[in-house]
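Everything below concerns the one structure shown next.
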Amino acid sequence: MKTKLLFFMMAAMLFASCGDDDLPNILQYDGENVTGPLLDAGTHEAAVRFPASLLADYDGREMTSVQWFMGGQPDVCKLVIYGQGTSSSPGAKIVDVDVTNGIATPSWNEYTLSDPIVLGGEDIWISIELLHSQTQQSIGCDAGPNRSNGDWLFSSSDSQWLPYTNRTSESINWNIRGIISE
């Protein structure tokens, strides 16, 4: 009888330990920071898109902060998070905050959201908006190869969202990560 009870308790503990706790607490496409591309003068947004299908297992959990690697200091830097749009452009802004005065270079940076974003049923785009007065490196990237949705880039020169690999043929992923509460 004690053996059956012990077996039942162990099975219950094992079953209870499965589930959301096994999910990573970081949404990311990138690997280690390697470099950053030279971006022309103007406004750019380096973004990663997490489709609703990828976020389905996180339904009801909260994104509490964003991490990104900043190489050089841009004139202006904003964290922008967008909601559901299309597969090739983001939707409405959920977060738009100027972080210029709080960033460290060259370094990983983290911004804690004042209002965590509840995940569920919709895409999330996480963007770092950059204003450059001259051609420079600012946002960090890995060595690639690029993963679908890991290298979106908006440029004010053409007002289009395109994967970075389509703009340059370089295969990278932005060092941008969403942190999920446990």
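Give a residue-ordered list of calculated ³J(HN,Hα) values for segment 31-45 (Karplus: 6.51 cos²θ - 1.76 cosθ + 1.60, θ = phi - 60°; whole Hz; x for Gly, Pro).
x, 4, 5, 10, 6, x, x, 6, 10, 5, 4, x, 9, 9, 10
Once the principal axes of the Cα atoms of segment 58-182 are found, what is the range along each, listed largest first in whole angstroms?
40, 31, 26
May I ask you to compute the full-extension gain from residue 148 to residue 134, defined as 0.36 nm times their residue separation minus their alpha-carbon distance, rounded to one decimal in nm?
Values: separation 14, 0.36 × 14 = 5.04 nm, distance 2.90 nm.
Length gained between residue 148 and residue 134: 2.1 nm.
So what are the ³J(HN,Hα) numbers for segment 95-112, from phi and the Karplus equation (6.51, -1.76, 1.60; θ = phi - 60°), rounded to whole Hz, Gly and Pro as x?
Going residue by residue, I get 9, 8, 10, 7, 10, 3, 6, x, 8, 10, 9, x, 6, 6, 10, 9, 10, 8 Hz, with x marking Gly and Pro.
Given Cα pairs under 8 Å that are at least 6 residues apart, what percent is the relative contact order of the chain? Please report the intermediate quantities before stating the final value.
Working: 434 pairs, mean separation 68.1, N = 182.
Computed over the chain, the figure is 37 percent.
Mind checking the full-extension length gain between residue 73 and residue 155? Use 0.36 nm per residue of separation minus the Cα-Cα distance, one decimal, nm. Let's see the in-between values first.
Values: separation 82, 0.36 × 82 = 29.52 nm, distance 1.79 nm.
Extra length from residue 73 to residue 155 when fully extended: 27.7 nm.
Values quoted throughout were computed directly from the atomic coordinates according to the rules given, and no laboratory measurement underlies them. Model, not experiment: these values are computed from the prediction.
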